[in-house]
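In what follows, a single structure is set out as structure tokens and then discussed.
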Amino acid sequence: MTLLLYRALRAEPGELAAVAWAFAYFFLLLCSYYLLRPVRDALAVDAGAQTLQWLFTATFAAMLALVPVFGWLSARLPRARLLPVLYGFFVLNLLLFSVWLSPLVFFVWLSVFNLFAVSVFWSYMSDLFDTPQAARLYGAIAAGGSCGAIAP
């Protein structure tokens, strides 16, 4: 069975566990987003169609403000510390939304979460895998995200 997996994934010895973890990571990441996206969209519809353009503008402004902060953090923290800090921040925010939900803030937050989380994931993958490994393994890893997106 393991030999079949190595062949199907074009993985070399020692890579199968890393591919499995990366697949699961991307699966859970996109599954969480696609579970929350209908809530975000319903809240946006309740706010009205005229509000939608302002929500996207607010998302753009939030990204403009947060990308330099993320760059500053990533220059100062090792990856092993940065990822828990980043995801811990998003988890804390989600817990706060369970207590107090502002529909417009939630829309912007989830949009920013999606942009950051996926970008950070692929940045992490580029740190873990070299170019030949990426050429062979990224398809299988990306399939994890596809499966996560359709799982909800």
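On the basis of being at pLDDT 95 or above, small (Gly, Ala, Ser) and part of a helix (DSSP H, G or I), does Ala61 make the cut?
Numbers: at pLDDT 95 or above: yes; small (Gly, Ala, Ser): yes; part of a helix (DSSP H, G or I): yes.
It is true that Ala61 is at pLDDT 95 or above, small (Gly, Ala, Ser) and part of a helix (DSSP H, G or I).
Scan Gly71, Gly88 and give me the residue that is in a helix (DSSP H, G or I), among the small types (Gly, Ala, Ser), within 16 Å of the chain's Cα centre (by Cα) and at pLDDT 90 or above.
On the way: Gly71 fails: within 16 Å of the chain's Cα centre (by Cα).
Only one candidate passes the filter, namely Gly88.
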Boolean, Tyr25 is open to solvent by 70 Å² or more (accessible area, probe 1.4 Å), under 30 Å from Gln133 (Cβ atoms) and modelled with pLDDT of 95 or more: no
Pairs where the first residue, in the stretch 108-119, is farther than 11 Å from Leu29 by Cα and the second is among the β-branched types (Val, Ile, Thr) and assigned to a helix (DSSP H, G or I), C-beta under 6 Å, 6+ apart: Val108/Thr59; Ser111/Thr59
Members of the stretch 130-152 found to be under 21 Å from Glu15 (Cα atoms), touching a residue at least 40 places away in the same chain (Cβ under 8 Å) and aliphatic (A, V, I, L, M), listed by number: Leu137, Ala140, Ile141, Ala142, Ala143
Some residue of the stretch 45-68 being within 15 Å of the chain's Cα centre (by Cα) and open to solvent by less than 60 Å² (accessible area, probe 1.4 Å): yes
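Being closer than 16 Å to Leu43 by Cβ and either among the small types (Gly, Ala, Ser) or open to solvent by 30 Å² or more (accessible area, probe 1.4 Å) (or both) is the filter here, so list the residues in the stretch 107-148 that pass it. Step through it out loud before you land on a result.
Going through the stretch 107-148, the residues closer than 16 Å to Leu43 by Cβ turn out to be 107-114.
Answer for the stretch 107-148, where residues must be closer than 16 Å to Leu43 by Cβ and either among the small types (Gly, Ala, Ser) or open to solvent by 30 Å² or more (accessible area, probe 1.4 Å) (or both): Ser111, Asn114.
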Gln50, sole failed condition from (1) assigned to a helix (DSSP H, G or I); (2) touching a residue at least 12 places away in the same chain (Cβ under 8 Å): (2)
Verdict on Val69 being in contact (Cβ under 8 Å) with a residue 12 or more places away in the chain and either over 18 Å from Phe26 (Cβ atoms) or not aromatic (Phe, Trp, Tyr) (or both): no
The one condition in (1) surrounded by fewer than 12 Cβ atoms within 10 Å (Cβ to Cβ); (2) farther than 17 Å from Trp122 by Cα that Pro78 fails to fulfil: (2)
Qualifying residue in the stretch 91-106 (condition: closer than 30 Å to Arg10 by Cα and either loosely packed, with under 15 Cβ neighbours inside 10 Å or within 18 Å of the chain's Cα centre (by Cα) (or both)): no
Cβ pairs under 6 Å, 6+ apart, first in the stretch 1-18 and more than 11 Å from Arg136 (Cα to Cα), second of a type outside the set (Asp, Glu): none
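The values are calculated or read from the model by the stated rules, or taken from the named source; none is laboratory data. On a predicted model such as this, the values are computed, not experimentally measured, just so you know. Note that we place each Cβ from the backbone using ideal geometry, even for glycine, and neighbour counts take in every protein chain shown. Side chains are part of the model used for accessible areas, which takes the heavy atoms of the whole protein and leaves out ligands, DNA and RNA. Shrake-Rupley method; radii C 1.70, N 1.55, O 1.52, S 1.80 Å.
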